[in-house]
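Following: one structure in structure tokens, then a few remarks.
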Number of protein chains: 2
Amino acid sequence: MSGRTVTAAVIIIGNEILSGRTQDANLAFLAQELGEIGVRLREARVVADEEDAIVEAVNACRARYDHVFTTGGIGPTHDDITSAAIATAFQRAHRRHPEAERRLRAYYPPEKLNEARLKMADMPEGAELIDNPVSVAPGFRIENVYVLPGVPSILQAMFAGLKPRLEGGAPVRSRTVTVLCPEGEIAKPLGEIQSRHPSIEIGSYPFMQQGRFGTSLVFRGTDETAIRAAAEELLTLARERRIEVLQLF
Amino acid sequence: MSGRTVTAAVIIIGNEILSGRTQDANLAFLAQELGEIGVRLREARVVADEEDAIVEAVNACRARYDHVFTTGGIGPTHDDITSAAIATAFQRAHRRHPEAERRLRAYYPPEKLNEARLKMADMPEGAELIDNPVSVAPGFRIENVYVLPGVPSILQAMFAGLKPRLEGGAPVRSRTVTVLCPEGEIAKPLGEIQSRHPSIEIGSYPFMQQGRFGTSLVFRGTDETAIRAAAEELLTLARERRIEVLQLF
């Protein structure tokens, strides 16, 4: 843990997300996990399985954020081009990684180990392996870019191994207060509470439940004293205006 | 419908997605809807509720794609800054839109219409309204950028009105064949099928079900003849190798 703000971006690589065939589940997972170790996810991009698109997104994000996580496109088929694209982004050779190859050879019986599967051991020169406890084929890290698979269960298992080694920052805390009131009716005092507590961010999320409008207010940041004070001001406002508080946690 | 390829990007604006608090549902919806009218979603970005981040994403995407859709950040609270940021991106004044104001005044009883709610009528100069049949506050279009809300039910209702007016292209068709076989075992012949049918894209999506590995192959594009031919080649391959075909649609 360091005192400064540690930032991250996620790059989701896959035509299946852009076609609407698959609902991405990795962004929300990574966002929550990163928040726990004090890493602020600042941006996410979804790009197609196309070299130019991957190279551009990786280069834009790795220059700007402390950590970059890519998901998807590291399997054995023709549409898995992430690893080669990342080698291009870093202008490095794309070569068979000896230890990755050793793991694949140890896992697959010889008659099942074909050239397509061995392709999963091809990585940018200098890549450091990220262990895959589920299906062996490793991900990798190169500088500040972490290359992970798209299948959520495998990504989650791999991230669990990675997490303790990531540089984080002060943990991000949040507190949510849900009121039975449209956000437009409390927008002004809410903005005033935000102005009095600039060290945290207050998000306002309207919803409709059983025909009634409500709003969830999320107080978020590293300054727990400010979170508590801002939430208390909102509760005072709710009491004064006789607004029902639905949920408080 | 035009002969050329019509492209789009989606920009999801909201700290709640980047914090992992909310699972985005709008991207998959827009991706599917756009596919139906032959618009290819090429990229999506998730950015924070920060002016610089919104301006940069909007300017990058509007220069590159035919249509750009933003979601989120157009409500009445302090964290709703999308509309002002888009005015900045277009270097236009941010002014009260008379017709938007008229609609809000007609909807809210006078004692409920406060300055925060009227802020929802502030738009970049020259904006054209997008009707909101659910909660009145309109979205807007400016050049090729369509500004929509983040609440999925409202976004969906507004997009339904917009859809018939959007320029589309040849409808994108897809056919999925699911086989009970790990993708690594058919990667080579699958790549050959892809090479023989470059007009379509073949996506390979592995999964594990009841302890067995399977793969969904998605044949996608505007050329139905090629889709059918490529899918037939895969079925022939499955027959020859005695691979079980789970699902075919």
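Put simply, the convex hull of the Cα atoms in segment A:165-249 casts, on average, a shadow of 6.4 nm². For B:Ala93, the distances from its label point to the matching points in the remaining copies are 6.3 nm, ordered from shortest, with each point set 7 Å beyond Cα toward Cβ.
Take every pair of alpha-carbon atoms less than 8 Å apart whose residues are at least six positions apart; their mean separation over the length of segment B:6-165 yields a relative contact order of 23 percent. Relative to the longest principal axis of the Cα atoms of chain A, the long axis of helix A:224-240 lies at roughly 40 degrees. The label point for A:Arg239 and the one for A:Gln91, both projected 7 Å from the Cα toward the Cβ, are 6.4 nm apart. Here's the list of aspartates and glutamates a cross-link from B:Lys163 could span, going by alpha-carbon distance under 20 Å and ignoring same-chain residues fewer than 8 apart: B:Glu33, B:Glu36, B:Glu43, B:Asp66, B:Glu128, B:Asp131, B:Glu143. A Förster radius of 35 Å combined with the Cβ-Cβ distance from B:Glu51 to B:Asp223 puts the calculated FRET efficiency at roughly 0.25. Within segment B:134-149, name every residue whose backbone N is under 12 Å away from a label modeled 7 Å from Cα of B:Glu99 along the Cβ vector. Those under the cut-off are B:138-141. Here the average projected area of the convex hull drawn through the C-alpha atoms of segment B:83-205 stands at 12.0 nm². Once the Cα atoms of helix B:152-162 and of chain B are each reduced to a long axis, what angle between those two axes, in degrees from 0 to 90 to the nearest 10, is obtained? Once rounded, the angle reads 90 degrees. For chain B, the longest principal axis of the alpha carbon atoms and the long axis of helix B:26-36 meet at an angle near 70°.
By the rule of a C-alpha distance below 20 Å, with chain neighbours fewer than 8 residues away ignored, the lysines paired with A:Lys119 are B:Lys188. Close amide H pairs (under 5 Å, H built 1.01 Å from N) link A:Phe140 with A:Ile130, A:Val147, residues at least 5 positions away or on another chain. Ignoring solvent entirely, what values of log10 I(q)/I(0) come out of the Debye formula for segment A:132-188 at 0.13, 0.17 Å⁻¹ when each Cα is a single scatterer? For segment A:132-188, the Cα-only Debye profile gives -0.57, -0.68. The rotation axis bringing chain A onto chain B passes closest to the chain A residue reported with its distance as A:Arg45, 3, by C-beta distance in whole Å. Ascending distances from the A:Glu51 label point to its copies in the other chains, with the point 7 Å along the Cα-to-beta-carbon line: 4.1 nm.
Dividing the radius of gyration of the alpha carbons in segment B:1-94 by their Kirkwood radius gives 0.99 for Rg/Rh.
Under the convention that each Lys and Arg Cβ holds +1 and each Asp and Glu Cβ holds -1, the size of the dipole of segment B:63-218 around its Cα centre is about 240 debye. Compute the signed sum of charges (Lys and Arg +1, Asp and Glu -1) over the other residues within less than 10 Å, Cβ to Cβ, of B:Arg64. Surrounding charge for B:Arg64 is 0. With label points set 7 Å from Cα along Cα→Cβ, the inter-copy distances at B:Val136 are 6.5 nm, sorted shortest first. For the protein assembly as shown, dividing the convex hull volume of the Cα atoms by the residue count gives 157 Å³ per residue. Restricted to Cα atoms, segment B:159-204 shows a radius of gyration and a Dmax of 16.3, 46 angstrom.
If R0 equals 41 Å, the separation of the Cβ atoms of A:Lys112 and A:Ala63 corresponds to a calculated FRET efficiency of about 0.50.
Using bins of 10 Å that start at zero, the share of Cα-Cα pairs per bin across segment B:6-165 amounts to 11, 43, 37, 9, 1, in whole %.
Values in this text are rule-based calculations from the coordinates and carry no lab data. All of these numbers come straight from a predicted model, not from anything done at the bench. Glycine gets a Cβ as well: all are built from the backbone with ideal geometry, and neighbour counts include every protein chain shown.
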